[in-house]
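Structure first, then comments.
None of the figures in this text is laboratory data; all of them are computed from the coordinates on show. In this text, all values refer to a predicted model and were calculated from it rather than measured experimentally. Here Cβ is always computed from backbone atoms with ideal geometry, including for glycine, and neighbour counts include all displayed protein chains.
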């Protein structure tokens, strides 16, 4: 069995961290799949998908670490190509990864109690992001 | 076909790197699935899953790199929230990723000869970690 | 339904970034699978898989960032073990990840217009890399 869902999330950009766990969990629930794999992706090159404990402190730590890894104001060759000023966003997306897969077991995503799936929007402007969640299993 | 397994691993925490390849390979073998995808996850927000050549040198290099990326003794906003002192562990987990998927081909995980699947336990104490491996295929 | 493909890519090593999107898309097309998940991996411990806008600027930014994270000329314990001088390659592979999964929707990989799947070959010599792409779905 396969179940595919597309949904939109509004972001502020600039490293905005959005908890999308409930949206992915709803896709799994709608699928009726009890055991399998769910893959969640942002089709795009300036965002990332990972997990974090979604509390303001851990979220701030993650934002600061990505600012150290790929500072917003550094010089990027990408900006020379397109002059769109979001080279840092492309770099962060490549380092974090734009998709992630998780096991689904007994109808639930294999996440810890304090672990949330997050969309990181690194672009330098607010965006409406489309996400795709696909569940494969039985 | 879907096959889901749960297993426990004892760790020392503090960046402990555990080779879980044999456990994931056993899940694949038990499944009887010859071609498909296996997804392995630690449900939790202070551990990570990746691959590395599991020899003491490469493992030490990985530990040192993560110590540079998210030093144990730095100041973390997460520690202000909960006072549990493991902000570095949450950050490392978000950067490395808590799950990973691999192709299964001809009954084996698509790994190189010198490549092992590892659980990285970043927490600041020994833990018993539950891992979930789900194989989907035929 | 499951469809598994293996293909080879020639690289220059030393962080070479190769656009493999067309090869993965061909695997999806050959599979006839319209909705599901595709998992792409390099079986090996000195390469990585991620996505990036494949234009010279963003590619150069990614290479430079990985050079900062794991400099080619730094001292690595792995080099003490094997004396093969590619400790930086092993470290980069563990940090970036050697495989990634993406949703397949309406017969296409869930990628953005400016987003390509890339193989990063970190090894310190030219290589012929084998990649495995497995599609599961219907």
Next on the checklist: What is the distance in Å between the Cα centroid of the stretch A:11-43 and that of the stretch A:88-138?
Outcome noted: 6 Å
Checklist outcome for this item: Inter-copy distances for residue B:113, label 7 Å out on the Cα-Cβ vector, sorted ascending, nm, one decimal, are 4.6, 4.6
Checklist entry - For chain C, modelled as a GNM with alpha-carbon contacts under 10 angstrom, which of C:44, C:57, C:13 fluctuates the most? => result C:57
Item to check | Inter-copy label distances at residue B:75 (7 Å, Cα→Cβ; nm, one decimal) | outcome: 3.2, 3.2
Next on the checklist: Averaged across C:126-136, how many Cβ atoms of other chains sit within 10 Å of each residue's Cβ atom?
Outcome noted: 4
Checklist entry - In percent, how large is the relative contact order of the stretch A:2-137, given Cα pairs closer than 8 Å and 6 or more residues apart? => result 54 percent
Next on the checklist: For the stretch C:1-114, place one equal point scatterer on every Cα, skip the solvent, and apply the Debye formula. What is log10 of I(q)/I(0) at q = 0.23 Å⁻¹?
Outcome noted: -1.33
Item to check | 222 nm mean residue ellipticity, helices alone, for chain C (DSSP H n ≥ 4; -39,500 (n - 2.57); rounded to 500) | outcome: -9000 deg cm²/dmol
Item to check | Beta carbon of chain C nearest to the axis of the rotation taking C to A, residue and angstrom distance | outcome: C:101, 2
Item to check | Rounded, prolate or oblate (a/c below 1.5 giving rounded, otherwise prolate when a/b exceeds b/c) for the stretch B:52-115 by Cα gyration tensor | outcome: oblate
Item to check | Cβ-vector label at 7 Å, residue C:63, separations to other copies in nm | outcome: 3.4, 3.4
Next on the checklist: Of the candidates B:69, B:120, B:91, which one comes out as most mobile in a Gaussian network treatment of chain B with C-alpha springs shorter than 10 Å?
Outcome noted: B:69
Checklist entry - So what are the radius of gyration and Dmax for the Cα set of the protein assembly as shown, in Å? => result 19.2, 53
Item to check | Gaussian network model of chain C, springs between alpha carbon atoms under 10 Å - residue of C:126, C:103, C:56 with greatest fluctuation | outcome: C:56
Checklist entry - What shape does the stretch A:1-63 have by the C-alpha gyration tensor, where a ≥ b ≥ c are the square roots of the eigenvalues, rounded means a/c under 1.5, and otherwise prolate means a/b greater than b/c and oblate the rest? => result prolate
